[in-house]
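Structure first, then comments.
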Amino acid sequence: MHRGPEDGPSITAHVTATGATADYLRQLAAVTGQSPEALTIQWAAGQIVVPDTALGDDPAVPDWPALFDGPPDLSEHTHAYLRR
């Protein structure tokens, strides 16, 4: 007979994220609408990978201007560009 998870003994665990990891999980929670606690549990379970470096600091990622194919003055003239 196969026993499902609801049939077995329960486990209670407490997970604490600190420093940059906690900050990343809080920001991710704000963006996704999930609670930081739920995301921390997912992180502890290996379902979420927290990057080791801040976005843009990873040498494997090219500089942002190389990724952007648009006018260099877009931020200064956005309104005019949208009206075209």
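The values are calculated or read from the model by the stated rules, or taken from the named source; none is laboratory data. Quantities reported herein were computed from a predicted structural model and do not represent experimental measurements. Calculation scope for accessible area: heavy atoms of the full protein, side chains included, ligands and nucleic acids excluded. Shrake-Rupley method; radii C 1.70, N 1.55, O 1.52, S 1.80 Å.
Scan the stretch 4-25 and tell me whether some residue there is modelled with pLDDT under 85, open to solvent by less than 70 Å² (accessible area, probe 1.4 Å), of a type outside the set (Val, Ile, Thr) and outside any helix (DSSP H, G or I).
Yes, the stretch 4-25 contains at least one residue that is modelled with pLDDT under 85, open to solvent by less than 70 Å² (accessible area, probe 1.4 Å), of a type outside the set (Val, Ile, Thr) and outside any helix (DSSP H, G or I).
Could you list, in sequence order, all residues of the stretch 26-37 that are in a helix (DSSP H, G or I) and not basic (Lys, Arg)?
Within the stretch 26-37, Gln27, Leu28, Ala29, Ala30, Val31, Thr32, Pro36, Glu37 meet the criteria.
What single numbered condition from (1) open to solvent by 70 Å² or more (accessible area, probe 1.4 Å); (2) outside any helix (DSSP H, G or I); (3) modelled with pLDDT of 85 or more fails to hold for Ile41?
(2)
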